[in-house]
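The values are calculated or read from the model by the stated rules, or taken from the named source; none is laboratory data. Every value quoted in this text rests on a predicted model; they were computed, and no experiment measured them. Don't worry about glycine lacking a Cβ; one is built from the backbone with ideal geometry, like all the others, and counts go over all protein chains shown. Heavy atoms of the whole protein, side chains included, go into the accessibility calculation; ligands, DNA and RNA do not. Shrake-Rupley method; radii C 1.70, N 1.55, O 1.52, S 1.80 Å.
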Amino acid sequence: SKGNHRHYMLKEIYEQPIVVAQTLRSYLKRMEGEVSLPIPEFDLSTIRRVTIVACGTSFYAGMVAKYWFEQFARVPVDLDVASEFRYRAPVMEAGGLALFISQSGETADTLAALRHAKAEGQKIAVVVNVPTSSMAREADLLLPTHAGPEIGVASTKAFTCQLAVLAALAANLAKAKGLLSAEQERDIVRHLAEAPAALNGALAYDEAIQAMSGVIASARDVLYLGRGTDYPLALEGALKLKEISYIHAEGYAAGEMKHGPIALIDEHVPVIVIAPSGPLFDKTVSNMQEVQARGGKVVLISDYDGIQAAGEGCIATITMPKVHPLIAPLVYAVPVQLLAYHVAVAKGTDVDQPRNLAKSVTVE
Ligand code: F6R
């Protein structure tokens, strides 16, 4: 049931602190300060390459994971949307792990890609939310998310749980390859364990987000910008807004703006900039200023320090708790979800059942 919430989507957004904690429990030994996998005997030490394949929001979780696998485990990562994967003759060598990410575990394109990779001799890992699904059954390494049933068509809690599993998998891979000191492992566990409280902190801004959602609800087009792991978040924010509010939205890598999309900027196109303070902050802010110099109306999503440093001149700001960069993608998922939600409610669309969409896409 929806409980006190008006829509399943809102209920599921609010479940995130609990379900992320529930998911992390299978992948972290908090007391020991160690990461772990549900199948400890699966040998990750021989993995030389990772191929990530998924669709939609699950694909964006995979995109975040690419940054993590490269950073922590130093393995090359290929990333494809499932509907393209089989049609571009992907090279899959021995020692490859093919990783499929899916809430439903039934998405036809992703399942077909899985079978193709299996036939090519890849080890198959799946991150799925439905443990009885086809993908779960066909995996060598099953990595369940424990988000519980997701009813809203727009994926929310499944996404943050996928990110939790993928961060833990990246750390496990790094460990298996001998790249993680005990201290680094303890730090990763500590940062991931902070995610549920940080998600609660993000949810506390729900009313503030609702209050500023009018500037987006009246727009025809909206742009989202981010850099590093916030780039997939920009893509996810745009997808969420499109699918439930029917407002045209695009996500771009912040640095890519000046290579074309900046031509779209005028006072009618709100630009949502996702920029937690951290090593990439200054670069993203300079891209934001390029937008402002052309009359663009910016909504900055950052933490208190980031908003102090760069919030002036923005039409609105959304303050997030200050978090470690590892968990920022989980935490910043909340404001983009809530913003899309409140805009859709303001526009009176069917939030839980957006037009033309199905929860599980079982045709290729
Ligand atoms: C967006 C959304 C879709 C799904 C996509 C993949 O909110 O829900 O983009 O993420 O259809 O579905 P799964 O994860 O079930 O493979």
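Taking the stated definitions as given, is VAL363 more than 22 Å from the chain's Cα centre (by Cα), open to solvent by 10 Å² or more (accessible area, probe 1.4 Å) and within 16 Å of the ligand (Cβ to nearest atom)? Taking the combined requirement at face value, the residue satisfies it. Determine, yes or no, whether PRO329 is under 23 Å from LEU223 (Cα atoms), within 12 Å of the ligand (Cβ to nearest atom) and in contact with an Asp or Glu (Cβ under 8 Å, 6 or more places away or on another chain). No; evaluated as a whole, the condition is false for this residue. Comparison of ASP78, ASP140 shows that the only residue that is more than 15 Å from the ligand (Cβ to nearest atom), touching a residue at least 60 places away in the same chain (Cβ under 8 Å), farther than 27 Å from TYR341 by Cβ and among the acidic types (Asp, Glu) is ASP140. If LEU280 satisfies all but one of (1) surrounded by 21 or more Cβ atoms within 10 Å (Cβ to Cβ); (2) touching a residue at least 40 places away in the same chain (Cβ under 8 Å), what's the number of the condition it fails? Condition not satisfied by LEU280: (1). Only one of the listed residues (LEU199, LEU225, LEU233) is among the hydrophobic types (A, V, I, L, M, F, W, C), under 22 Å from the mean Cα position of the chain (by Cα) and within 16 Å of the ligand (Cβ to nearest atom). That residue is LEU233. Taking the listed residues VAL126, VAL153, the one that is β-branched (Val, Ile, Thr) and at pLDDT 95 or above is VAL126, with no other qualifying. Scanning segment 169-225 for residues that are touching an Asp or Glu at 6+ places or on another chain (Cβ under 6 Å) and of a type in the set (Ser, Thr, Tyr) gives no hits.
I'd like to know if segment 28-44 contains one or more residues that are in contact (Cβ under 8 Å) with a residue 40 or more places away in the chain, crowded, with 21+ Cβ neighbours inside 10 Å and within 16 Å of GLN103 (Cα to Cα). Within segment 28-44, not a single residue is in contact (Cβ under 8 Å) with a residue 40 or more places away in the chain, crowded, with 21+ Cβ neighbours inside 10 Å and within 16 Å of GLN103 (Cα to Cα). Anything in segment 45-71 that is over 25 Å from GLY152 (Cα atoms), assigned to a helix (DSSP H, G or I) and either open to solvent by less than 40 Å² (accessible area, probe 1.4 Å) or within 16 Å of the ligand (Cβ to nearest atom) (or both)? List them, or say none. Selection gives TRP68, PHE69.
Within segment 197-248, being aromatic (Phe, Trp, Tyr) and part of a helix (DSSP H, G or I) holds for one residue alone: TYR231. State all residues of segment 151-165 that are in contact with a helix residue (DSSP H, G or I) (Cβ under 7 Å, 6 or more places away or on another chain) and either more than 15 Å from the ligand (Cβ to nearest atom) or open to solvent by less than 40 Å² (accessible area, probe 1.4 Å) (or both); if no residue qualifies, say none. Residues satisfying the conditions are GLY152, ALA154, SER155, THR156, LYS157, PHE159, THR160, CYS161, GLN162, LEU163, ALA164, VAL165. Only residues that are touching a Lys or Arg at 6+ places or on another chain (Cβ under 8 Å), over 20 Å from ALA217 (Cβ atoms) and at pLDDT below 95 were counted in segment 240-276, giving 1. So, ARG115, is that one farther than 25 Å from ARG25 by Cβ and out of contact with any His (no Cβ under 8 Å at 6 or more places or on another chain) or not? When the stated conditions are applied, ARG115 passes them. No other residue among ILE307, ILE301, ILE315 is under 18 Å from ALA211 (Cβ atoms) and open to solvent by 50 Å² or more (accessible area, probe 1.4 Å) apart from ILE315.
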